[in-house]
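Please read the structure below before turning to the comments.
What follows is calculated from the coordinates using simple rules that are stated; it is not laboratory data. Bear in mind that the values here come from a model prediction, so they are computed numbers and not experimental data.
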Amino acid sequence: MDGIESLEKDHDRIRSLFSELEGTTEPQELQDSFDKLGNILTIHAEAEEQVLYPEARNCEGTAELIDKGYQEHDKGDQMVLAIKSISSNEAEFKEKVRELQEFMLNHLDEEENDLFPRVRQCMNDKKMEQLGTQLQETKANVAPKVVD
Ligand SMILES: [Fe+2]
């Protein structure tokens, strides 16, 4: 799998976890799905920041998109952290998850529509495969530190 394909796969997983969260009001299910979502968001953002963004900076027209990416990851982290302090029994939990969903889905769409095509255009097949390998390695390193 090339690097962008693997990131798009993460994006799909993130979208499906948000759908799961939308589809339930049962507190334990909400908590479980949210925990999974928080973990994958952290691992995914780390992989993008450590591998994708530095490489993508060499591609034309990406600087602003990457700066925005870092900012949006920070904002997403803060939103996840805030939700962690709310009990999934409370109505506020779902409200805040919905805000996170709106924000994150917009971020994922922007990457897929603006950043990823530029990266694809500027890297050859070999480079894209290398990117995939580096992303996998980074995720494997980050994952044990994230799972609680
Ligand atoms: Fe992403």
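Points worth noting:
- Å³ per residue enclosed by the Cα convex hull of the chain: 95
- Lys pairs, the chain - Cα-Cα below 17 angstrom, 8 or more residues apart or on other chains: 11
- Extension gain (nm, one decimal) between residue 143 and residue 25, 0.36 nm per residue minus Cα-Cα: 39.7 nm
- Gyration tensor over the Cα atoms of segment 68-138: the corresponding equivalent ellipsoid has semi-axes (square roots of 5 times the eigenvalues, largest first) of 33, 14, 9 Å.
- Against the compact-protein benchmark of 2.2 N^0.38 Å, the Cα-based radius of gyration of segment 2-59 scales to 1.35.
- Estimated from helices alone, the mean residue ellipticity of the chain at 222 nm is -26000 deg cm²/dmol (sum of -39500 (n - 2.57) over DSSP H runs with n ≥ 4, per residue).
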